[in-house]
Amino acid sequence: MELLPRSPGEFGSARYWDRFFRQRGQRPFEWYGAFPELCPVLRKYVRPRDKVLVVGCGNSELSEQMYDVGMCEDIVNIDISDAVIRQMQERSGNTRPKMSYLLMDMLQMDFPDAHFQVVLDKGTLDALLTDEEEATLAKVDQMFAEISRVLQVGGRYLCVSLAQAHVLKKAVEYFSQEGWVVRVHQVASSGDKQQFVLPVFVYVMTKFRKIPGSAPQILEICPEEQDKPMRMKSTERLVAAVKDRQHYALLCSQISKTPCREQVSLDLCDKESGKPRYTLHVVDSPSVKPSRDNHFAIFIIPQGRETEWLFGTEEGRRQLAASAGFGRLVTVALHREQHYEGMAGIQAELSGKVMELAPPGLPARQQVPFLSVGGDIGVRTVRHCDTSPLSGEYVVEDVKGDGTCYFRRLIFLRNRNVVQSEARLLAPTPLQGQKKRRKDKKKPSPTEPPGAIDKSYLCCEHHKAMIAGLCLLGGPDALPGELAVLVVGLGGGSLPLFIHDYFSEAHVAVVEIDPSMLEVATHWFGFSQGHRMQVHISDGLDYVAKLAAEAPAQYDSIMFDVDSKDLTVGMSCPPPAFVEKPFLQKVKTILKPEGVFVLNLVCRDAQLKESVLATLRDVFPLLYVRRIEGEVNEILFCQPSPEGRHDPAELGARARALEGALQQPGRPWDSSYVLADMLQAVQIL
């Protein structure tokens, strides 16, 4: 039995619908949206005394169910199919005396003006607006005009729809331009994904008298999980918000049936502000053998630790999921702009939503555990927020790491998942002779981080490798003596500070293009200038070019640790202009013949990286590379003379000697620094 039309245009044909309902018989046909799902929305806008018109009623049970539950009784149903009207008149009979069924075309209705308080449409607009041909749009305009005519001021047009973009856009634009208030409700799902995957929406268009001039449009959306509407600034924003919810429903349907081959990422936004509140990654582990208790778990990433390799990379999350021993793990990152009421509050907030991401085969009423590191959500304290004309919005924040350690971080919000600079904070120590606190005095909060910077600690692995590269200077067993070092890129200042403090005869010049970063480094990261440390606010390209023209061969080491502001390039460090051949030749000019140029390279584009390496080889005869495990960073050590070539074992020995020389009595030294390890893993290019 063929019930589908030969062309979309037949949806507007009375002959098609007569044939459809004769072939289908007495069985009710519901396009979508069962009454229990629609009822909570309809009750908000349909009052018991309202006079209701249902356009394109078909043989749906919706009107009968509304009547039977007492929602309203004065209901007029119309349809262009004589067959279905006679069928419905027979079905209702005398059981619902106040409800009627009439053969009528909604494009040319016989009712007087302002006759109804509610016009209800379940799938009729979707059936009519099958394309955007001129003839179709003219019919839709006629439909809307007739609905507007028969509705009273203050009346509501309720349209149940799948909200295809062109259908929603047409309805919203038409009625908002007429001065009506437009609200879109997402209908709560019954959870039966087999019946219908796409979410159902109800457009609520409330009629107001049109105000002359340009009155502001009122456009709102009500997601299924909340009653409070969210105001949208434009039709485009409203259509996009609906599209996001449709994509989410399709995603949930897909991953509920089959395992994820690739990790799925999505943002859950704050109800009030619309800003991202949670970032979720769905990670499946095919190697985990399923049992009743290891199907599914949620892992809350402690605040501030979302940038760590284990939580912030695909490979890290894959390792985390496998070690946790669950077939599907959803990692949840918390956003710095949001406030959270502890693990219990997050669990209450997310428990319903994350179940929509459950894997196939999850047993019914299965308890899903919420996991974290140490059982808490971590600590994040925002210390400073500002905007730089060059770097954009940035934030300085203190976060709790493993154990009792706290770290201060600089984050550029244009690339919020990358830590720009990081420093460890010192634990507070009582002053000598300070009396113990009395028991009744209030103790400091355990979540309040200390404030002093630990200048002896390099948080970034690539900084440790850059420091290790200084062993290429001087003899094999000696600490380099008086050094002239140029660092391009200040950030929080930890790299030049370490060189200044641990190489007591070093004179460090730092070039930084953004004056805001000097303020940040000084006020928040313990950076200071002196006779051996000078900062020059300048473009590194211009500064090096000027030196090359005026004072060649003056630096023992030149270090580039400068980020690119252009996120469209596949290289985030350094900017492409810093690795062009003419500029690199200027770098070589200001480097002493036995010196070393150290470059932090972060490049995800394999072809671009090979081009950069080829250019470096053209300029510098001797080139070593140290890849940082678990990161994209590669540290390149470039020397202008091939005579200083060393194999990795010899480099390791030189690094051990340097490490020993740096460990002076009374000077703090972190035992995790093994400079030899940094250089024994180098490759000669």
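For the pair ALA364 and ASP267, label points projected 7 Å from Cα toward Cβ lie 3.8 nm apart.
Amide H contacts of PHE299: VAL330, THR331, VAL332, LEU371, each under 5 Å away and 5 or more positions distant or on a separate chain (H built 1.01 Å from N in the peptide plane; Pro and chain starts excluded).
Solvent-accessible area per residue in segment 258-371 equals 49 Å², computed with a 1.4 angstrom probe and all protein chains kept.
In this structure segment 32-82 gives 37 Å² per residue of accessible area when probed at 1.4 Å with all protein chains present.
Treating each Cα of segment 81-200 as an identical point scatterer and summing with the Debye formula, the log10 of I(q)/I(0) at q = 0.12, 0.13, 0.15, 0.23 Å⁻¹ comes to -0.55, -0.65, -0.86, -1.39.
Restrict the search to segment 475-549; then list the GluC sites (Glu not before Pro) that DSSP places in a loop and that have at most 12 other Cβ atoms within 10 Å of their Cβ. All intermediate terms of the calculation are to be shown ahead of the outcome.
Details: sites: GLU482, GLU505, GLU512, GLU519; in loops: GLU482, GLU505.
In loop regions of segment 475-549 (DSSP not H, G, I, E or B), the sparsely surrounded GluC sites (Glu not before Pro) are GLU482, GLU505.
Placing unit charges on each Cβ (+1 for Lys and Arg, -1 for Asp and Glu) gives segment 258-371 a dipole about its Cα centre, and among VAL330, LEU350, ALA364 the Cα reaching farthest toward its positive end belongs to ALA364. Stokes-Einstein diffusion of segment 306-384 at 37 °C, 0.692 mPa s viscosity, Kirkwood radius from Cα pairs, rounded to a whole number: 229 µm²/s.
May I ask you to work out the translational diffusion coefficient for segment 583-622 at 4 °C, viscosity 1.567 mPa s, via Stokes-Einstein with Rh from the Kirkwood sum over Cα pairs, reported in whole µm²/s?
The Stokes-Einstein estimate is 116 µm²/s.
Computing the accessible area with a 1.4 Å probe over protein heavy atoms, can you report the carbon and sulfur percentage for segment 333-420? The C+S portion of the solvent-accessible surface of segment 333-420 is 51 percent.
By the Stokes-Einstein formula, at 0.692 mPa s and 37 °C, segment 258-371 with its Kirkwood radius over alpha-carbon pairs has D equal to 227 µm²/s. Estimated at the nearest 10 Å², the accessible area of HIS384 is 50 Å² with a 1.4 Å probe.
The values are calculated or read from the model by the stated rules, or taken from the named source; none is laboratory data. Predicted model only: the values in this text are computed from it and were never measured. Glycine gets a Cβ as well: all are built from the backbone with ideal geometry, and neighbour counts include every protein chain shown. Side chains are part of the model used for accessible areas, which takes the heavy atoms of the whole protein and leaves out ligands, DNA and RNA. Shrake-Rupley method; radii C 1.70, N 1.55, O 1.52, S 1.80 Å.
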